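Structure record follows, encoded as structure tokens.
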Ligand SMILES: C[S@@+](CC[C@H](N)C(=O)[O-])C[C@H]1O[C@@H](n2cnc3c(N)ncnc32)[C@H](O)[C@@H]1O
């Protein structure tokens, strides 16, 4: 059975495994029937990824549904190599002709703690092996990406199934300043959902009071759907499964028609950001509409250009708030209280049942808003900045708060 490696942001491995479990029953067989393959018996989890075995046809489909993963690699082989001739022969012996339509590929090579640690020479040798297999064809556009990792003389060669990084959903193309990666936004929303059931969530209004380009709201709305509008690397393979080449194949999936949350609300000081988030959300909505057809119901969305700290206008309860405020000096000033005051003000004004806030670890939240307690906290690397995502909720026992 083929082996796969799903690369993930560090710390997201467990969440990605949950996502695989959730979408597994929806995956299809080659003749578009419900897949009834047993769930892989073993997932080897390492920092930044998961390795497991399953049918190729099934694993390729994970690309459509995983929200927090980076990419999916098909493991071609793994072997000990201490000299270039052996490496060359092994590269040449792999069944590239089943996947590649020509010999022009992109290389991703990483070598460390190995006798063969010159990445340039490894690439030249691998490219020479491929050009022997494909002597005539060499169009300008690469047809695939091959990953070679050499660590302690162990060489692992993989073929990328994904193409563009999985945070590219095929929606939300317009961005503001400091936008959040979709993979991170989806992970944080899942952290906030925790054990809440779909029925409980369907009563909740989700609000991002500093909405920017709307990544949180778009990800939340798209949580139960797949990404079918973008292209994936495996669709260019020579042996690409026929099912995935037809335009209408997404309609074979029986996905939930839930709107995930009851309503979506967003505020921003910047009018342009409100327009951007409006357009991005409309793009998500349109993709969901084409997939759900008759079952489709538009989400209840309201985006307003305003200072979220100025208003006492209530929002429908139960309310969850999620936000990624500007960092450092651009953090909205509430008195001189920094993050603590920002969280307190949001809790005082809107009384959310949950408040999830992402901020740099070094800007520490030192106190909690009155009447609220910390229910969960995770560390996240947000574009190179070490951040904390802190979830607060009204105290269960007010007396102890
Ligand atoms: C870091 S960005 C949010 C990025 C967003 N998560 C995304 O993915 O695009 C912060 C946003 O907060 C907005 N903002 C700052 N202070 C605000 C306030 N008091 N009320 C409403 N919006 C505010 C800024 O205009 C900016 O668009």
**Message:** Suppose we keep only residues that are within 16 Å of the ligand (Cβ to nearest atom) and within 26 Å of residue 194 (Cα to Cα) within segment 283-302. Which one would you say is nearest to the chain's Cα centre (by Cα)?
**Reply:** 284
**Message:** One residue is enough: does segment 237-245 have a residue meeting the conditions touching a strand residue (DSSP E or B) at 6+ places or on another chain (Cβ under 9 Å), within 16 Å of the ligand (Cβ to nearest atom) and either part of a loop (DSSP other than H, G, I, E, B) or closer than 20 Å to residue 327 by Cβ (or both)?
**Reply:** no
**Prompt:** In the list 381, 280, 340, which residue meets the criterion of being within 25 Å of the chain's Cα centre (by Cα) and assigned to a helix (DSSP H, G or I)?
**Reply:** 280
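Let's see how each residue does on (1) more than 16 Å from residue 320 (Cα to Cα); (2) within 14 Å of the ligand (Cβ to nearest atom); (3) surrounded by 15 or more Cβ atoms within 10 Å (Cβ to Cβ); (4) assigned by TED's automatic domain parsing to the domain that holds residue 325:
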| residue | (1), (2), (3), (4) |
| --- | --- |
| 186 | no, yes, yes, yes |
| 191 | no, no, yes, yes |
| 194 | no, no, no, yes |
| 198 | no, no, no, yes |
| 207 | no, yes, yes, yes |
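Counting only residues that are at negative phi and within 18 Å of the chain's Cα centre (by Cα), give me the helices (runs of 4 or more DSSP H) lying completely in segment 1-103 with at least 1 of them.
Working: elements: 13-23, 56-65, 84-93.
Helices (runs of 4 or more DSSP H) meeting the threshold: 13-23, 56-65.
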**Message:** If I ask for residues that are more than 9 Å from the ligand (Cβ to nearest atom) and either within 26 Å of the chain's Cα centre (by Cα) or assigned to a helix (DSSP H, G or I) (or both), which ones from segment 323-337 would you list?
**Reply:** 328, 329
**Fill in**
When residue 164 is run through (1) part of a helix (DSSP H, G or I); (2) away from the ligand (no atom under 13 Å from the Cβ), the failure sits at (1)
**Message:** If I ask for residues that are exposed (fewer than 12 other Cβ atoms within 10 Å of the Cβ) and without any contact (Cβ under 8 Å) to a residue 40 or more places away in the chain, which ones from segment 296-336 would you list?
**Reply:** 298, 310, 312, 313, 314, 328, 329, 330, 335, 336
**Item:** Hits in segment 145-179 - residues which are surrounded by 22 or more Cβ atoms within 10 Å (Cβ to Cβ), touching a strand residue (DSSP E or B) at 6+ places or on another chain (Cβ under 7 Å) and farther than 23 Å from residue 83 by Cα
**Value:** 161, 162, 166
**Message:** Cβ-Cβ distance below 6 Å, separation of 6 or more or different chains: which pairs start in segment 346-364 with a residue that is in the same structural domain as residue 312 (by TED's automatic domain parsing) and end on one that is in a loop (DSSP other than H, G, I, E, B)?
**Reply:** 347/369; 349/312; 350/315; 353/318; 358/324; 360/327
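Criterion first (within 14 Å of the ligand (Cβ to nearest atom), surrounded by fewer than 20 Cβ atoms within 10 Å (Cβ to Cβ) and part of a helix (DSSP H, G or I)) does residue 349 satisfy it? Talk me through it step by step, then tell me what you get.
Values: within 14 Å of the ligand (Cβ to nearest atom): yes; surrounded by fewer than 20 Cβ atoms within 10 Å (Cβ to Cβ): yes; part of a helix (DSSP H, G or I): yes.
Judged against the criteria, residue 349 is a match.
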**Prompt:** Could you give every pair whose Cβ atoms fall below 6 Å, whose first residue belongs to segment 164-177 and is under 17 Å from residue 290 (Cβ atoms), and whose second residue is outside any loop (DSSP other than H, G, I, E, B) and within 13 Å of the ligand (Cβ to nearest atom), counting only separations of at least 6 or pairs across chains?
**Reply:** 169/182; 172/218; 172/280
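The values are calculated or read from the model by the stated rules, or taken from the named source; none is laboratory data. None of these values were measured; they are calculated from a predicted model. Note: ideal-geometry Cβ built from the backbone for every residue, glycine included; neighbour counts use all protein chains shown.
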